[in-house]
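The structure appears right after this line, and notes come after that.
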Amino acid sequence: MPIETLAQAIGKFAQTDGGHATGIERLSLLRCSVRTEPLHCIYGLGLAVVAQGGKQVIHGEYVTQYGPGQSLVTTVDMPVVSHVTHADAARPLLAMMLTLDARALVQLAAEMGLPAPPRDPPPRAISLSPLDEPLLDAVTRLVRLLEEPLLIASVAPLIQQEIMVRVLLGPHGPFLRHLVASGSPGHQVAQAMAWLKQNFTRDVLIDELAARAHMSPSSFRLHFRDLAGMSPLQYQKQLRLQEARQLMLNQALDAGSTAARVGYESASQFSRDYSRLFGAPPQRDIKRMQRLPNGGVVGEPVP
């Protein structure tokens with residue numbers, strides 16, 4: 001099945017620029033007819049396929065370029081900088097994102113008897129691989145199921161399970177097994193990341209995070225950087241600053257109030273960190289975001 005078939009299926013339902021939720025749980029579509037400026041966002045556990053156009057994702061120290069014929073899996077919640085690199089009105093970027101269920105992955109991996117990953121440093125949080133024919137066929141069938149809404153409730157879960165099985169057995173499998181295998185370094189770091197995401201306003205010591213992951217502080221730092229491309233404190237800082245940006249955009253909070261809400265004791269330190277990440281002080285950045293076509297409001301991103 002050619003990748004163009006998937007592009008046609010996505011284009012049929014994503015007829016305007018932007019992200020599109022669908023009648024299939026966990027499936028979203030993206031259309032973009034222009035190249036975009038870098039956008040700071042958070043990618044969660046999921047499978048993304050670009051059927052037409054191209055994107056770049058920067059996560060920590062790593063840069064990932066991908067386009068048609070490639071699949072991308074994000075294994076943990078990752079602050080990234082993402083932008084569309086190849087798109088125009090004649091050939092817009094067309095992409096799909098399937099959010100993956102971590103519990104379902106754990107159960108499937110156990111039922112399939114997959115070998116535990118080696119206790120090496122975990123692979124990166126983002127995995128890029130050529131899209132093989134069976135996986136392309138499965139994701140295309142899932143998108144085309146939108147044409148038959150009466151079948152979605154009974155058929156979509158079956159196709160989604162097939163996709164997860166194929167992902168576990170394919171090139172992305174080792175990355176996901178590091179995530180789901182209890183006791184593996186990847187799983188321990190992923191658990192620490194999940195805790196940080198829920199508690200990013202707290203001041204946390206590396207020793208505390210390492211203890212939660214059942215690792216020495218030095219080993220924890222090494223495994224965390226291998227997976228995320230950044231240190232635990234950089235990860236926490238990006239979570240804080242991205243939340244701050246959304247609070248100022250959506251709730252019209254001032255910088256001082258926002259700094260306190262996301263865990264900063266010093267408003268001046270907050271402003272310095274914000275400027276380093278987003279390229280401008282809070283007030284100027286928010287005004288720039290508000291001038292964007294969508295008012296700067298960012299929905300659920302599609303990798």
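The values are calculated or read from the model by the stated rules, or taken from the named source; none is laboratory data. Computed from a predicted model, the values in this text were never measured in an experiment. Note that we place each Cβ from the backbone using ideal geometry, even for glycine, and neighbour counts take in every protein chain shown.
Counting the residues of the stretch 217-241 that are assigned to a helix (DSSP H, G or I) and crowded, with 19+ Cβ neighbours inside 10 Å gives 13. Being touching a helix residue (DSSP H, G or I) at 6+ places or on another chain (Cβ under 8 Å), more than 18 Å from Ala228 (Cβ to Cβ) and assigned to a helix (DSSP H, G or I) is a condition met by at least one residue of the stretch 13-22. For the stretch 258-278, indicate whether the set of residues that are touching a residue at least 60 places away in the same chain (Cβ under 8 Å), closer than 19 Å to His187 by Cβ and assigned to a loop (DSSP other than H, G, I, E, B) is non-empty. So far as the stretch 258-278 goes, no, none of its residues is touching a residue at least 60 places away in the same chain (Cβ under 8 Å), closer than 19 Å to His187 by Cβ and assigned to a loop (DSSP other than H, G, I, E, B).
Do the conditions hold for Val167, that is, is it closer than 22 Å to Leu47 by Cα, touching a strand residue (DSSP E or B) at 6+ places or on another chain (Cβ under 7 Å), touching a residue at least 24 places away in the same chain (Cβ under 8 Å) and not acidic (Asp, Glu)?
yes
Report, by residue number, each residue of the stretch 148-160 that is more than 20 Å from the chain's Cα centre (by Cα) and in contact (Cβ under 8 Å) with a residue 12 or more places away in the chain. Correct list: Pro149, Ile152, Ala156, Ile159.
Against the definition (assigned to a helix (DSSP H, G or I), loosely packed, with under 15 Cβ neighbours inside 10 Å and modelled with pLDDT of 90 or more), how does Leu150 come out, yes or no? Judged against the criteria, Leu150 is a match.
Quick check on the stretch 99-109. Is at least one of its residues part of a helix (DSSP H, G or I), of a type in the set (Lys, Arg) and closer than 20 Å to Ala156 by Cα?
yes
Only one residue in Val165, Val155 is β-branched (Val, Ile, Thr), assigned to a helix (DSSP H, G or I) and closer than 21 Å to Ile10 by Cβ, so which one is that?
Val155
Close Cβ contacts (under 9 Å, 6 or more residues apart or on different chains) running from residues in the stretch 67-81 that are on the phi > 0 side of the Ramachandran plot and modelled with pLDDT under 90 to residues that are buried (at least 24 other Cβ atoms within 10 Å of the Cβ) and among the hydrophobic types (A, V, I, L, M, F, W, C) comprise Gly69/Val50. With respect to (1) surrounded by 15 or more Cβ atoms within 10 Å (Cβ to Cβ); (2) more than 14 Å from Pro79 (Cα to Cα), the lone exception for Gly256 is condition (1). Scanning the stretch 39-58 for residues that are over 10 Å from the mean Cα position of the chain (by Cα) and within 27 Å of Lys237 (Cα to Cα) returns Leu39, His40, Lys55, Gln56, Ile58. If you go through the stretch 230-269 and pick out every residue that is aromatic (Phe, Trp, Tyr) and either within 18 Å of the chain's Cα centre (by Cα) or closer than 21 Å to Pro38 by Cβ (or both), you end up with 1.
For the stretch 274-284, does any single residue satisfy the condition of being closer than 30 Å to Thr22 by Cα, surrounded by 13 or more Cβ atoms within 10 Å (Cβ to Cβ) and modelled with pLDDT under 95? Looking through the stretch 274-284, none of the residues is closer than 30 Å to Thr22 by Cα, surrounded by 13 or more Cβ atoms within 10 Å (Cβ to Cβ) and modelled with pLDDT under 95.
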